[in-house]
Each structure stands twice: as structure tokens, then as C-alpha cells.
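Worksheet: one structure, shown below.
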Number of protein chains: 2
Amino acid sequence: MSSEVKSGNEHPQSYVGFANLPNQVHRKSVKKGFEFTLMVVGESGLGKSTLVNSLFLADLYSDRKIPDAKGNGHHANGTVGVVGNGYRPTTGARNGPELTSQQLLEKFHKNVKISAKTVEIEERGVKLRLTVVDTPGFGDAINNEDSFQSIVKYIDDQFEKFFHGERGLNRRNITDSRVHCCFYFISPFGRGLKPLDIQFMRQLHQKVNIVPVISRADALTKKEVDDLKKQIRREINDEGIKVYTLPEVDEDEDQEYKEEVRQMKEAMPFAVAGSTTSIEAKGKKLRGRVYPWGVVEIENPEHSDFIKLRNMLITHMQDLQEVTQEVHYENYRLQKLAEEARAGQAELILDHHAGDTATDKEKMKRMLEEKESELRKMQEMMAKMKAEMSMNSSK
Amino acid sequence: MSSEVKSGNEHPQSYVGFANLPNQVHRKSVKKGFEFTLMVVGESGLGKSTLVNSLFLADLYSDRKIPDAKGNGHHANGTVGVVGNGYRPTTGARNGPELTSQQLLEKFHKNVKISAKTVEIEERGVKLRLTVVDTPGFGDAINNEDSFQSIVKYIDDQFEKFFHGERGLNRRNITDSRVHCCFYFISPFGRGLKPLDIQFMRQLHQKVNIVPVISRADALTKKEVDDLKKQIRREINDEGIKVYTLPEVDEDEDQEYKEEVRQMKEAMPFAVAGSTTSIEAKGKKLRGRVYPWGVVEIENPEHSDFIKLRNMLITHMQDLQEVTQEVHYENYRLQKLAEEARAGQAELILDHHAGDTATDKEKMKRMLEEKESELRKMQEMMAKMKAEMSMNSSK
């Protein structure tokens, strides 16, 4: 990767003082490494795996099976090079030439499977533990009404895990599997968004940072790309869908970075082509797709928004995590607490009617404790925000 | 069009005799003109209209509206240049910015509309009256379980019309709107057939000549095209789907034509790119798609099977019509007669029980007449076949 996560370490190492705090944060995060979870959603054949592999130069999907319409997997050649952890709410023996009635059913009412894989990438001493959550089967069935369910459930499940971890005793060792970003793949052949695209984004936009991506954009001419982008932006706006938007650039950032972000914003939704094939063209080695009429260079900004998408992701990993924590997870948590409060009150009323004053008091005590714990958390958060603000102003 | 419908007119005009029969047939058909009905089916965005316009160099769809996911039509610029006759089993006001509840319903349970347009094309004095039946909306909904219904119904309706016409008094003026060929568009991004593709072909292959087409094939490299073709051929075979196959070439045809047909057979399913845009490249005018990395020439056999598809259609129009008449329509007719016979017998039994012998006799008389009419038709057909055989052998 050519860019790296930005952090304020412009000051010389000899200087020791308040301004060194960012360096401490920096050193600590280098030691600890970064964690990031990316989800990819879109019809099969839109190049999800190829794009992810191109973005991180890692072969995450070398061991995957490509299913035909029957659901039989054809093993792709290659070796497994990932840490790997699977999440499969429903599984079944899907191999062998004979179809069971279950498989025949799946063939036309294909379930969406969720599978998560983790790779560790190291670059200039900075470790990134990247988890990619794939959603094979999305949109591939004749009837796709159930396509969202398992995806919504997966995202909620990770929030739920974190919610319990946060309230438990050993808060230091919470494993955070929340999804920080979701690339949603749009077909280049649509004349805008399909009903399935709109439904998906509507169901998910308050749970995860959606980054819509026009994939396999090398099937479109320049004018077709521009028209499709305009149409998609219009529809996203008209449908009231909230996709992830880049935050305002601070006034004191350098001009080059400001210009880069301006171009990123302008290019959204990114129209990308992916490839992991290394080819020789114009006397240099590059990754691309070789057609009889020419070579698509995926890192050439005239051919594809690939570099823009990669830079956007890398320079905004922290922002994507913060929005996940402060907006999407907070939504989930407040909803959860409201549910609990309602359930608690209902119990209180029931208990009151039964006249059991001892249990009554215990319940109220527990609710009070929870309220206090909430208050403490808010104070912690405010303290953290203040610290960050003073860091920023001291830069 | 560079090719024209083949007919045996190699003999000098002075010769008069039995061998002139084909010339008579030829002259008559030139006067009468040819009629052909082509249906196009496939998800929107797969380039159906562009391909049809490219094939016949006519702008059939200059007046079409491209609907967004809401179902609102955006009027495309252009003038109407077609004879036009619409077939819409269900219609509704689909314009205006506000959505009615009916439109909201349609948005996610999009109906497949059927629309037929007729153009008259003349080439070297030979007239072709071409009807293109379009099926907008196919495969575009979230739930596509009803996608086939209106298409199956349309094809059956045309058989039904012809069936009634054939039995009526004025048999000379039967209008024949039966579908002779159906181009089924397959996405280049699938890894073979989708469940929807398989279901469609299974439901239709005994009613119409299906010619599967991999469309927008300029999104695939040469190897990807080859792999996809192999996979589709395998699946069509495994699923027991009967697509249209080219008939054996007569031994006495010239070597060049034999080779052409061999290449056509080998290339199926045709992988095509369409374009109506005239461009200047390599110092000549051609139709193609201009990408930043090169120009796809749609008539270049190295770039696309477009020419093969066009030649296949033109050299096999008559065969497609014959298979429609002798296989698909015959299937329909026999089924229809069997149904009527069953209904007749049921009535007979009922009548018999009622003891109404007068009606009984009338029914039997009618059935006998029908049987006789069947026999006459078969004799006619045999006579026609014999005539054709002797024509062929006299060539």
C-alpha cells in the first residue's frame, strides 16, 4: 500500500511535552496494530473477491469454491493463506453430483451465507488485522426477498456481542467484530439502482457505513460511467438513503490532501475494475485485464477509480471506526437500553400488583445501578472527546 | 446486411421446366415478402435493444422510456420510425413524480410487460417484415417468480390465434404472429447460468426456438468468454434444456458454407457486443464502443460473435419458421386437440347417462369431421414435404 494511516508525528523525537501525546498514541497503536472489518455485498460475478484481493494484495479467496446454479462447488486451485474464522448460520452438505431435495430447494431459494476471513497485513512495521465478511448468494436467487435477513442478523449479532462485552467484567479483552464498512457492489449494466439495491441500502444504512461501488466498470465507456454515477447519486438522494460520506477536511491540512479528498468526494460512487493478474504492458509490470482491443490498467486513474477507493479506505479507516462506534453502535445500544427499560417497567408494574415489595426494591436498585453506569460511560466519553480536542488544537 | 436469404436461383432464366419451381417460389416470396418474429428476453441493461438495432441497422427503440427503479420513464430523444403494435396485458399510469401504492407495489414486484414492434426492411428488392417482441422488466424485480408467466402466455396466445385462424373459413388471411425465435440474454458476469436462466429456458424450450446469447461480452477477456461458453454448454446439457440447434448441412452445399456453419455451431452460445455508434478508427468507419484503452469493433470476429449471430439468423430464418410450425406449434395443436377430445368424451359420457341419443350422434359426427380434417391436413403436409424433397434433389 502506498499510503499509510495518518497520525501526527511531525515533531522531532527530542521534544518532550504535551504535544508528544499523539506520538504515544501512535507508538501504542503501532504495537497493538489496527483492526478493521470490511463487509462486501453484491450479486455473484460482480468481482467482490477480485477487488478485495486487489485492494490488499492478498489472496483471501484462493481456497474458495465457485458454485454453479446447482450449488455444487468447484474447488479453485491455490493454498489457504488466511487466519480464517467462519460464520455460517446454516450449513449443509453441498457437494457431490446428486442433488438432495434440500439442495434443489436451495437452488431456487438460495440462502445468503456469511463467511468471515481474517488476514494479517504488515506494512512499514504497522500491522493491520483485516477481517473481510463475504456474503455469497446475495441477489442470486429467483426470489431475493430473504437476501437481507442474514446480513442484518450478522451485523446485529456483532453489536450484541460487543454490548454484552462492554457490560461484562473483563472489558479489556472485548473482541470487537463490528462491521466498520460495507462495500455495496452495483452492476455496471443497470441504468441506476435496482429495486434490490434500494431495499438493501434502506435496510442497512442505519447499521453500517455503506460505500456504494460500481464494479466491473471496465464494461462501460467514460460517458456511460458519468451518466450512471449521476443517476445513482440522484436515486440515493431521492430515496433518502444515507451512504458513508467523507468528513470535512480540517482547514490546517495541506493543500494536496484537501485536493485528494475533493476528488474522492467528486468520484463517488467509485467505479472500479479489479484484477490480480500481473501483466507486462508499455514496458512495465502492472495489474490489469487484457482484452483483444487493449489493456485496462486498474491503477490508472483514467481507466478506473481503484486508487481513489483504496486511498479513501486507508485514509478514513479511523473515521469509519468512529462513525461505527458513535453513530451506528450508539443507535443500537440506545435501542437496546430502551427495550430493557420497557421490559423492566412492565415487570415493575406486574410486581407491584403482586405486592412483592422486596423484589420491587431490588429491581429499582438494579435499574438505578444501570443508570449510574450509563452516566459514568458518558463522562468517560466526554473526557476522551476533550482530550482529542486538545490534541487536535495542539497540532 | 451482407448476406441474404438463400434460395436456389442458380439456373439461367431461359430454362423452363420442373427445376424452375424454386424460382417461382422465389419470385412469389419476393413479391409477398418475408415475415419473421423475434423475441428478446433478458434482464434490463444487458443490451437487448442495442443488439436488435445493431443487427437490423434500424432504430426500433428510439422512442422508448428507460424506467428507473421507481418505474418512472425517462423519455429518450428520437423519432418514432416503426409500424408499431403494442401488446400490454396490464397497463397503468406510470409517470409523474408521486408514487401511487400500485406503483410502489410494482417497484418491488415489477411486472414483465410485453411489447411488439414491427419494422419493414427492404434489401436488394427483398422485403422483410420483422416483428420484435420485447419483454421489459424480466428479471429486474426482487422476486422474479412471476417473470415467466406473461411470456409463456404471450407465446401461447399467438399459437391460439393461429389455431383458430387455421380452423376458420378465411384461411388465406390468417395473420401469423407466432414467435419464431427467442434470443435469451445471459449476463457475462455469471459463472454460468443463473437459477432464473435455467427456469426460463426450461419453461419455454418446448414452445419456442431459444438462442442463448452472452451479451455485453466486451466485459470479458478471451479466456473468460471461452470458459463461460463451456460452462453454459455443460449446464444446458446437464439440465436437459433443448436450445435451437442448427440443422445438418446438405452434403452438396459448397465448402465455404459448410465451414461457416461449422464455425457457427462451435461458437454457440454466441458472445456478442452491440453498438449503433458509428466511429472512425484505423482510418475507416465502423460501429463500436470507445474505451480509454481501446476500441471494440463489433463486426470484428476477434472481438465479438456479432457477425456469426447475424449470419446464423439470416441463413436460418426459414428453418426457424419450419421448426416453429412443425415442432412447437404441432406440440401445441396436438395438446389442444387432446384437451378437446377429453372434454368431448366427458360430455359424451354425461350425455349418454342422460340418454340424449340425438345430441350423442351430433357430437360423434363433429368428432369424426375433426378427425377427417386432421387427416386432410396431414396429407397436405406430406404433399408439401414431397414437393420440397424433389426440389432439393433437383438443385
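The values are calculated or read from the model by the stated rules, or taken from the named source; none is laboratory data. Note that the coordinates shown come from a computational prediction; the quantities given were computed from them, not determined experimentally. Note that we place each Cβ from the backbone using ideal geometry, even for glycine, and neighbour counts take in every protein chain shown.
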Legend entry - Restricting segment B:191-208 to residues that are of a type in the set (K, R) and within 14 Å of chain A (Cβ to nearest Cβ), the residue that is surrounded by the fewest Cβ atoms within 10 Å (Cβ to Cβ): B:R202
Inset, instruction - Please tell me if A:Q255 is exposed (fewer than 15 other Cβ atoms within 10 Å of the Cβ), assigned by TED's automatic domain parsing to the domain that holds A:G190 and more than 30 Å from B:D226 (Cα to Cα). - result: yes
Inset, instruction - Answer yes if at least one residue in segment B:142-163 is small (G, A, S) and over 23 Å from A:L193 (Cα atoms), and no otherwise. - result: yes
Legend entry - Any hit, segment B:282-289, residues being assigned by TED's automatic domain parsing to the domain that holds B:F200, surrounded by 13 or more Cβ atoms within 10 Å (Cβ to Cβ) and more than 19 Å from A:G294 (Cβ to Cβ): no
Inset, instruction - Residues being surrounded by fewer than 20 Cβ atoms within 10 Å (Cβ to Cβ) and either within 14 Å of chain A (Cβ to nearest Cβ) or without any contact (Cβ under 8 Å) to a residue 40 or more places away in the chain (or both): count how many of those fall in segment B:294-321. - result: 7
Legend entry - Search result, residues across segment A:212-228 that are surrounded by fewer than 22 Cβ atoms within 10 Å (Cβ to Cβ) and more than 12 Å from chain B (Cβ to nearest Cβ): A:D226
Inset, instruction - Test each condition in (1) in contact (Cβ under 8 Å) with a residue 40 or more places away in the chain; (2) charged (D, E, K, R); (3) over 30 Å from B:E370 (Cα atoms) for B:K153 and report the one that comes out false. - result: (3)
Inset, instruction - For segment A:160-179, state whether one or more residues are hydroxyl-bearing (S, T, Y), touching a strand residue (DSSP E or B) at 6+ places or on another chain (Cβ under 9 Å), touching a residue at least 60 places away in the same chain (Cβ under 8 Å) and buried (at least 22 other Cβ atoms within 10 Å of the Cβ). - result: no
Inset, instruction - State all residues of segment A:194-231 that are more than 20 Å from the chain's Cα centre (by Cα) and of a type outside the set (D, E, K, R); if no residue qualifies, say none. - result: A:P195, A:A217, A:A219, A:L220, A:T221, A:V225, A:L228, A:Q231
